[in-house]
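Structure, as structure tokens:
Each value in this text was obtained by applying a stated rule to the coordinates, not by laboratory testing. Please read these numbers as outputs of a predicted model, since none were measured by experiment. Virtual Cβ from ideal backbone geometry, glycine too; neighbours counted across all protein chains shown.
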Amino acid sequence: MKVFTGKGQCSTCHAGAEMTNAATAAVAQSPLTDGADTGFANLGVRDPKEDVALGGLDVNGNPLSTAGAPAGAVDGMFKIPGLRNVGMTAPYFHNGSAGTLRQVVEFYNRGGNVDAPNKANEIKPLNLNDSEKDDLVAFLQALSDPRVLLQQAPFDHPELLIPHGAAGDTTSVATSAPGVADDEYLELPAVGAGGATQIQAFPNNPFLPGFLQQLPAGSFVPVTGAVPPAAPVTAEPSPTPEAPVAQTGAVEQTASTATPTVAPTVSPKVTKTRLVATVTTVLALKHGARLRARAVDNRARADNGRRQLILLSGSSIGKVVSRRDAYTLSARFARAGKVTLRLRLARSQLVPGRKFRVLVDTMGRRGAVATARFDVVAP
Ligand code: HEC
């Protein structure tokens, strides 16, 4: 908070209980500040030529700005958002250019991305050191109300059906009658007053399949601090020359010369409920190791990567049961033996009848040293 109100000058704009100068009370009191609209600022996120923002006109050709300032004076000014629960609302800024709160802090620390004549005075290099940046991120994360995070009363909700366009793709949609597109809905299950599992920060949310889930490894750090960052999915881990292959005796299952560390012994069984598909199989483990399970969509993407699927809470490997949704699930096993793997996947991220792939990595000191794979047909 000291950095927020002090060196960072954040509270100049994100002021008061609402943490924004755009709060109604402030604007009612003084609609203009220094000749420009109260509660708006240009931070230099992008060149105003790309998005003129407050400098634009409404559908009737009237200026959006109440200041009616000389041409250009309010270009690139955006409304200062409140910061309550900001940890749950990634990505940030009007164009989503910051994926994490850390990236937001880095943005402010470097004094914005581009310069403009009306850029706010506070937006200049802040020279924060690492611990000041950490403090600022921690402060922003602390603005989350735990009841919101856990969807507890008064933030619980009944079952919600969210319109999601029409079933289909960019070239054709399903129809319910000739010429009438078939509406598609995402279902957000009801939660009781006691709440539900912790909601996942934006890119991890299983109810937004495929949307923004392909961030490069490490670029998304979940704000709950609970879920490990997405494992790299653009390339499947394979033994590197310096990987401790010899020490563990672990190799790629696909390498025909050697024995796999782990292999499914029974063909995977798949069950489904309305929302969840569950894959169960038994793995034979040749020696003690740490195993990491994940699932990917087989749909190839432009960069040859694959889409990582979310493993819902309640997925398990051996005796380790996950308490929250995550991209990977791992556990250490002291000795050889049979390991039951049970993965719960949101059906909204699967295409019925289409294969997806389960990967079980044997982890060495520097990452995966071997990977066993099997395909599963989505129910
Ligand atoms: C000059 C006023 C100003 C100052 C100073 C300022 N902000 Fe902002 N802040 C804004 C505006 C305006 C936006 C929205 C920008 C956009 O969408 O392009 C914003 C956006 C944000 C967001 C993203 C919110 C979202 O939901 O997208 C966060 C987080 C944030 N600010 C935190 C901070 C922190 C931390 C500091 C101090 C280092 C700070 N702000 C200083 C005006 C300011």
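Structure summary
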item	result
Listed peptides 60-68, 137-145 by packing density, highest first (mean Cβ within 10 Å)	137-145, 60-68
Peptide ranges 88-95, 160-167 listed from the most packed, as the mean C-beta count within 10 angstrom indicates	88-95, 160-167
Proximal charge balance of Pro154 [Cβ under 15 Å; K/R count +1, D/E count -1]	0
Set of aspartates and glutamates with alpha-carbon distance to Lys269 below 16 Å, sequence-local pairs under 8 removed	Asp375
Segments 49-56, 189-196 sorted - mean Cβ within 10 Å per residue, highest first	49-56, 189-196
Positive minus negative residues near Arg46 (Lys, Arg vs Asp, Glu; Cβ under 15 Å)	-2
q = 0.21 Å⁻¹: log10 I(q)/I(0) that the Debye formula gives for region 1-66, counting C-alpha atoms only	-1.00
Footprinting exposure proxy for Thr170, Thr340, Thr362 (fewest neighbouring C-beta atoms within 10 Å first)	Thr170, Thr340, Thr362
Net charge contributed by nearby residues that have their C-beta within less than 10 Å of Ser316 (K/R +1, D/E -1)	+3
Amide hydrogen neighbours beyond the local backbone of Val369, cut-off 5 Å, H modeled	Thr362, Met363, Gly364
Nearest-20 debye value, region 1-151 charge dipole, Cβ charges on Lys, Arg, Asp, Glu	220 debye
